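Notes follow once the structure below has been shown.
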Amino acid sequence: MSEFRRGLAEALPDVESQHLLDRSAFKKHLENQNAPVPPCMKGLEPCGSPQAAAFGAAGLENLVRLRLESTGEGVQATYKLMDRRGRVARDGTVRAQSPRQLGFAVVRAIFDATGSVSITTTPSGATVLVDGENMGTTPLDTRLAVGTHNYTIELQGYRTVEGGVEVTSSGSEPIRHELEAMQGTLIVEGAPEGARVFIDDTEVGPASKELPIAPGNHTLKVTAKNYEPLQTTVSVEAGQTVTKTAALQRVNPLLQSVDADQIANNKYFFRLSYDQSIHRTTFRDARGETGGTTYEFLGFANDNGDLPNELQKRTVGPPGLRFDVGYTGRNFGIVALSLSYHGVAQDRRVILDSSPTDGGTQIGRITQMHRLHLRPLQLKGRLIFNNFVPTAEIGTGIAFQWVEAEFQEQGNTRELTLNQTEAYWTMGAGLEYYFSPNWFAMFRYSFQDYFNAGRGVEHMLSFGFGGAFANVFGIEPEPPEEL
């Protein structure tokens with residue numbers, strides 16, 4: 001009974017009338033009743049039936065008599081609606097699954113009670129079905145019988161919405177739905193393995209899968225390693241499946257395009273190169289010791305073994321390896337350390353002077369030369385044109401040189417090593433070609449002008465490769481391809 005009365009109360013919340021649903025409510029109503037004495041009781045007019053007089057005194061309009069029963073499938077109510085004349089105005093039987101639902105059903109049956117319903121959607125124009133019946137399109141304002149109703153909202157290109165609403169005589173909460181557009185499906189055929197698909201510059205997945213795509217016109221881009229990217233347009237409607245063929249053209253992996261921003265983000269670099277130097281020089285000031293005697297390079301000997309009137313220079317070309325490490329921004333940076341070693345065999349007749357010791361000279365032969373170049377903190381500049389990066393560098397350095405020599409003394413061959421150290425300033429220009437954001441090949445020409453005028457200018461050609469990386473020490477922002 002309590003559940004049934006709760007259903008009655010929710011179905012009849014009309015504040016302009018009163019509904020007395022149990023004995024206590026009727027008793028309280030009578031206690032508060034101040035209805036005037038009916039005129040017939042004052043003899044002013046004929047009296048009707050005693051029941052009509054009682055209805056008037058109690059301030060009643062209708063009386064509903066109910067008999068509730070539990071059935072195997074739910075509950076049912078047999079009702080009689082009595083008017084103030086004592087006549088049965090309506091009767092019948094209603095059924096429901098629960099006592100609360102039975103209260104709504106009784107109100108509908110007796111009073112034909114309805115409530116207002118408002119349904120809006122974004123976008124508008126959707127068809128509304130209530131309990132399977134077409135009620136119109138949104139925005140929709142209508143009235144439904146009190147109780148629970150099921151509704152369906154349909155709009156082409158959007159997902160169908162289903163729901164329920166409970167209507168009372170005072171109405172219901174407004175129903176609002178933002179309709180979800182149905183996705184289309186994109187299938188990319190013929191793309192190489194590992195190809196990635198971009199819609200409007202946003203990656204949506206691999207080309208090997210069916211990809212959801214919003215309805216409308218879009219820019220489609222398909223990329224794959226070692227292939228030229230394909231860019232086209234695609235138009236899709238809601239719920240439609242569109243198939244695109246992406247026959248990418250294979251390119252040489254050494255010639256693929258590299259984005260300049262990716263190169264600029266890889267700021268830590270190293271280079272390993274093969275150097276070929278050309279230097280017209282003299283070994284003046286080179287000194288060494290053997291057998292307790294100190295020797296100094298005096299000059300190159302002429303064909304008859306004499307010392308020419310003027311200091312002669314000879315061309316040497318020691319090859320070697322060079323290693324550079326540094327840090328660079330987009331256009332400027334530094335080569336923190338450059339280290340190279342060069343060496344070559346020689347066969348040059350020279351005159352060695354031991355006059356500081358005993359005043360004698362020896363005609364000997366240079367057999368080998370070694371150089372170690374140290375170049376700290378060179379300044380570097382560069383410009384990035386996709387894969388091609390021209391560079392320029394300037395700085396100073398120090399050359400440590402060892403020259404191996406031998407000469408005959410009293411029928412014995414004596415060997416010694418002459419050492420010298422010279423400072424220079426250096427300048428160079430080159431070109432780096434990036435195969436990927438991290439790896440490049442390089443060519444460079446540089447010269448080294450020694451501060452000692454007798455040493456001349458050393459020219460150097462370098463060929464090699466290098467690597468560039470971001471976030472080596474965890475302090476750099478991630479490059480775009482890693483985000």
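Nothing in this text is a laboratory measurement; each read-out follows from the coordinates by a stated rule. Not measured: the values here are computed from a predicted model. We place every Cβ from the backbone using ideal geometry, glycine too, and count neighbours over all the protein chains shown.
Report the number of Lys pairs in the chain whose alpha-carbons are under 19 Å apart, with separation of 8 or more residues or on distinct chains.
Values: K209/K221; K209/K225; K209/K244; K221/K244; K267/K380.
Here the count comes out as 5.
Using alpha carbon centroids, what distance separates segment 256-277 and segment 293-348, in Å?
27 Å
Write down, largest first, the equivalent ellipsoid semi-axes of segment 114-178 in whole Å, where each equals the square root of 5 times an eigenvalue of the alpha-carbon gyration tensor.
Over the Cα atoms of segment 114-178, the semi-axes work out to 20, 11, 10 Å.
Any idea what the alpha-carbon Rg over 2.2 N^0.38 Å comes to for segment 260-409?
The value comes to 1.42.
So for each of 397-407, 453-463 I average, over its residues, the number of other beta carbons within 10 Å; can you give me the resulting order with the highest mean first?
Values: 397-407: 18.7, 453-463: 17.1.
In descending order of packing, they fall as 397-407, 453-463.
Work out how far the C-alpha atoms of segment 387-448 reach from end to end along every principal axis, then list the three figures in whole Å, largest first.
Principal-axis extents of segment 387-448 (Cα, largest first): 64, 24, 16 Å.
Calculated from DSSP H runs of 4 or more alone, at -39500 (n - 2.57) each and per residue, what is the 222 nm mean residue ellipticity of the chain, nearest 500?
-3000 deg cm²/dmol, from helical runs alone.
Restricting everything to alpha-carbon atoms, can you work out Rg to Rh for the chain with a Kirkwood hydrodynamic radius?
Taking Rh as the inverse mean 1/r over Cα pairs, Rg/Rh reads 1.53.
Considering every pair of different Cα atoms, what Kirkwood radius, in Å, is found for segment 336-384?
With all distinct Cα pairs of segment 336-384 included, I get 14.6 Å.
What whole-number distance in Å separates the alpha-carbon centres of segment 360-386 and segment 138-208?
73 Å
Out of every Cα-Cα pair in segment 184-273, what percent are more than 22 Å apart?
36 percent
Mind checking which of Q276, Y151, A53 is farthest towards the positive end of the chain's charge dipole, using Cβ charges of +1 (Lys, Arg) and -1 (Asp, Glu) about the Cα centre?
Toward the positive end, the furthest listed residue is A53.
Can you tell me which of 286-299, 188-201 comes out highest on packing, and rank the rest after it, using the mean Cβ neighbours within 10 Å? It would help to have the intermediate numbers written out before the result.
Numbers: 286-299: 17.4, 188-201: 15.9.
Ranked from most to least packed, the peptides come out as 286-299, 188-201.
Can you give me the Rg/Rh ratio for segment 191-345, using Cα atoms for both radii and the Kirkwood formula for Rh?
Taking Rg over the Kirkwood Rh, I get 1.38.
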